[in-house]
Amino acid sequence: MTAIETKSIPNRLFFRLFQTGNVLQRQVQKEMGISTVQWAVLGALSRPGYEDGISFNQLTEYLVVSRQSLDGVLKRMERDHHVQRVPHPDDGRARLVRLTAPGRTYWDALQERIIEFYQQGLKGFSFDDSVNFLHYLSKLQADLGAVALGQIAGTSDESTTPVIEP
């Protein structure tokens, strides 16, 4: 393998991740009628042990989304009566986000479609492929979370800047 091919593999991998994320967002909206963040919020709040809610900060950390992005999504979900923000019992300034009864009903009604979505989305994967892919995605997520480039003095040469392309 040449040096150029070796350098292009990471570029192609990250571009495919970008494209895959966009396809996922588009297909979830088209097939489920909700955004991927709404789907993730419903899933997070429906987990056992979260019946009383989760703090806004914990939810942003769990979903790995910005406060601004999550706030906008939660406002729409509150409008649809799927979630509510309630005072935190231990901190009057803080709020907990919790699933409402209509939100739970909505989430439960989505389950068959979600299972079918997963089956169709992973139809090219064996069980072992899926387990391995999950393992590699977890490793990538951890490695990305540890990236710390810092500033490199005098590197304005555009010829050394990678360009994301297929």
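A few comments on the model shown:
- Boolean, Gln120 is over 18 Å from Ala40 (Cβ atoms), assigned to a loop (DSSP other than H, G, I, E, B) and out of contact with any Gly (no Cβ under 7 Å at 6 or more places or on another chain): no
- Note on the stretch 1-81: enclosed helices (runs of 4 or more DSSP H) holding 1 or more residues that are touching a residue at least 24 places away in the same chain (Cβ under 8 Å) and hydroxyl-bearing (Ser, Thr, Tyr) are 67-79.
- Residue match in the stretch 121-136 (condition: outside the structural domain of Phe18 (by TED's automatic domain parsing), under 21 Å from Arg26 (Cα atoms), without any contact (Cβ under 8 Å) to a residue 24 or more places away in the chain and surrounded by fewer than 10 Cβ atoms within 10 Å (Cβ to Cβ)): yes
The values are calculated or read from the model by the stated rules, or taken from the named source; none is laboratory data. The structure presented is a predicted model; accordingly, all values stated were derived computationally and were not measured. Here Cβ is always computed from backbone atoms with ideal geometry, including for glycine, and neighbour counts include all displayed protein chains.
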